[in-house]
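Visitor: Sharing a structure here in structure tokens format.
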Amino acid sequence: MLYREFYDVPRAILVEARVATYFLDCRFNEEADGYPDTYSVYRLRETRAEAAGTIEWKDIAASGIYVGTLRVDELTFDATLRESLDDDVFDSLPPSG
């Protein structure tokens, strides 16, 4: 798991799970003056390392295919909230293909 932006939990996450690479995006909402309670999830063609090394973080979502949303409270992070997350949450997303 790689991430940028952190407020309570990581808010922009690159993760490999279920033989796919995903970008989870939870951008600050200026109008609501806070973060939403869902991540927008994008499946990437690149591996996590390729995406992190070749794509600007602000452009990662545009390089992927939108596959749905995950509620922030559905994700289970490790104790540090920064190293890993339980990938069972990805079972609710459409299969790769």
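The values are calculated or read from the model by the stated rules, or taken from the named source; none is laboratory data. All values derive from a computational prediction rather than experimental measurement. Every residue, glycine among them, receives a Cβ derived from its backbone with ideal geometry; neighbour counts consider all protein chains shown. Only protein heavy atoms, including side chains, enter the accessible area calculation; ligands, DNA and RNA are left aside. Shrake-Rupley method; radii C 1.70, N 1.55, O 1.52, S 1.80 Å.
Visitor: Tell me the residue from Y35, Y7, Y22 that is among the hydroxyl-bearing types (S, T, Y) and within 9 Å of the chain's Cα centre (by Cα), please. Before you say what the answer is, go through the steps one by one.
Guide: Values: Y35 fails: within 9 Å of the chain's Cα centre (by Cα); Y7 fails: within 9 Å of the chain's Cα centre (by Cα).
Just a single option satisfies the conditions, and that option is Y22.
Visitor: Here is a further query. Out of the residues in the range 47-71 that are open to solvent by 80 Å² or more (accessible area, probe 1.4 Å) and closer than 17 Å to P10 by Cβ, which is nearest to the chain's Cα centre (by Cα)? If you could, list the steps in order and put the result at the bottom.
Guide: So in the range 47-71, the residues open to solvent by 80 Å² or more (accessible area, probe 1.4 Å) come out as 50, 54, 56, 58, 62, 65-66, 71.
Of the ones still in play, those that are also closer than 17 Å to P10 by Cβ are 58, 71.
On the way: K58: 13, R71: 11 Å.
Out of the qualifying residues, it is R71.
Visitor: What is the number of the single condition among (1) at pLDDT below 95; (2) within 21 Å of P95 (Cβ to Cβ); (3) touching a strand residue (DSSP E or B) at 6+ places or on another chain (Cβ under 9 Å) that R27 does not meet?
Guide: Exception for R27: condition (2).
Visitor: Check the range 36-45 and report whether any residue there is surrounded by fewer than 19 Cβ atoms within 10 Å (Cβ to Cβ), modelled with pLDDT of 95 or more and among the acidic types (D, E). Give the derivation first.
Guide: From the range 36-45, those surrounded by fewer than 19 Cβ atoms within 10 Å (Cβ to Cβ) are 36-38, 40, 45; that's our starting set.
In the following step, the residues that additionally are modelled with pLDDT of 95 or more were identified as 36-38, 40.
Remaining after also requiring among the acidic types (D, E): 37.
Yes, the range 36-45 contains a residue that is surrounded by fewer than 19 Cβ atoms within 10 Å (Cβ to Cβ), modelled with pLDDT of 95 or more and among the acidic types (D, E).
Visitor: Further, regarding this structure: Under 6 Å between Cβ atoms, which residue pairs at least 6 apart in sequence (or on different chains) link something in the range 1-27 that is open to solvent by less than 10 Å² (accessible area, probe 1.4 Å) with a partner that is in a strand (DSSP E or B) and among the β-branched types (V, I, T)?
Guide: Qualifying pairs under 6 Å: Y22/V15; Y22/V41; L24/I13; L24/V41.
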